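In what follows, a structure is listed as structure tokens, so that the remarks can point back to it.
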Amino acid sequence: MPSCSPAIEIAWAYKELGQADNYVKLINECKYLYQEQKKSSIAYFELDYLAARIYALEGQPTQAVQFLSKAIDDGWREWWTQYDPLLKSLKDDAEFQKLLEFIEADLTRQRQEAKRLFLK
């Protein structure tokens, strides 16, 4: 925790391979761990990103995008988000695309600011 990694990635692989029983077992474990962390009032953007991944895997794009948006609001800025295979089902969602554009723009801004500070 808080990302349930590598279990969630393995769950995705099982889903891709059509191994439903193994997928369900692992995704349910990640959901349980997520709920336990939320009960303890721990707030991490990683938990919201985990929720986005879970919802995307479960075919619930609206909820997936909502949690990704919350993760971003709380500081999620991973460059690899656009390549996350667990979010592949969201690729055609306009709001998802806007969130990816926001991440890229903010990372670009941060790189430029770091360069400016470094070159002073």
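The values are calculated or read from the model by the stated rules, or taken from the named source; none is laboratory data. Computed from a predicted structure; not experimentally measured. As a convention, Cβ positions derive from the backbone with ideal geometry for all residues, glycine included, and neighbour counts pool all protein chains shown. All accessible areas refer to the heavy atoms of the entire protein, side chains included, with ligands and DNA or RNA removed. Shrake-Rupley method; radii C 1.70, N 1.55, O 1.52, S 1.80 Å.
Can you tell me the relative contact order of the chain? Whole percent, Cα pairs under 8 Å, sequence separation 6 or more. Don't jump to the answer; show the numbers that get you there.
Numbers: 109 pairs, mean separation 24.8, N = 120.
So the answer I get is 21 percent.
To make sure I understand the rule: partners must be lysines, Cα under 20 Å from the Cα of Lys88, and not fewer than 8 residues away in the same chain. Which ones qualify?
Here the lysines satisfying the reach criterion relative to Lys88 are Lys15, Lys31, Lys70, Lys98.
Could you work out Rg/(2.2 N^0.38 Å) for the range 1-104, with Rg from alpha carbons only? Could you put the intermediate results ahead of the total?
Values: Rg = 13.0 Å, N = 104, 2.2 N^0.38 = 12.8 Å.
Cα-based Rg divided by the globular estimate yields 1.01.
What accessible area per residue comes out for the chain, rounded to a whole number of Å², with a 1.4 Å probe?
Details: 7560 Å² over 120 residues.
Ligands and nucleic acids excluded, the figure is 63 Å² per residue.
Compute the long axis of helix 45-57 from its Cα atoms, compare it with the longest principal axis of the Cα atoms of the chain, and write down the angle in degrees, 0 to 90, nearest 10.
Rounded to the nearest ten degrees, it is 50.
Give the peptides 84-97, 103-116 in descending order of average Cβ contacts within 10 Å, highest first. Present the calculation step by step, with values, prior to reporting the outcome.
On the way: 84-97: 15.5, 103-116: 11.3.
Ranked by mean Cβ neighbours within 10 Å, highest first: 84-97, 103-116.
For the range 62-78, list residues with backbone N below 20 Å from a point placed 7 Å from the Cα of Ala43 toward its Cβ?
Counting backbone N atoms under 20 Å from the label point, the list is 64-78.
I'd like the accessible area for Glu46: 1.4 Å probe, protein heavy atoms, all chains in place, Å² to the nearest 10.
60
Enter the angle in degrees (range 0 to 90, nearest 10) between the Cα long axis of helix 61-73 and the first principal axis of the Cα atoms of the chain, meaning the one along which they spread out most.
Roughly 40 degrees, rounded to the nearest 10.
Measure off, as a whole percent, the carbon and sulfur share of the 1.4 Å-probe accessible area of the chain, all protein chains present. Provide the component values of the computation, followed by the final result.
Numbers: 4120 of 7560 Å².
The value for the chain is 55 percent carbon and sulfur by accessible area.
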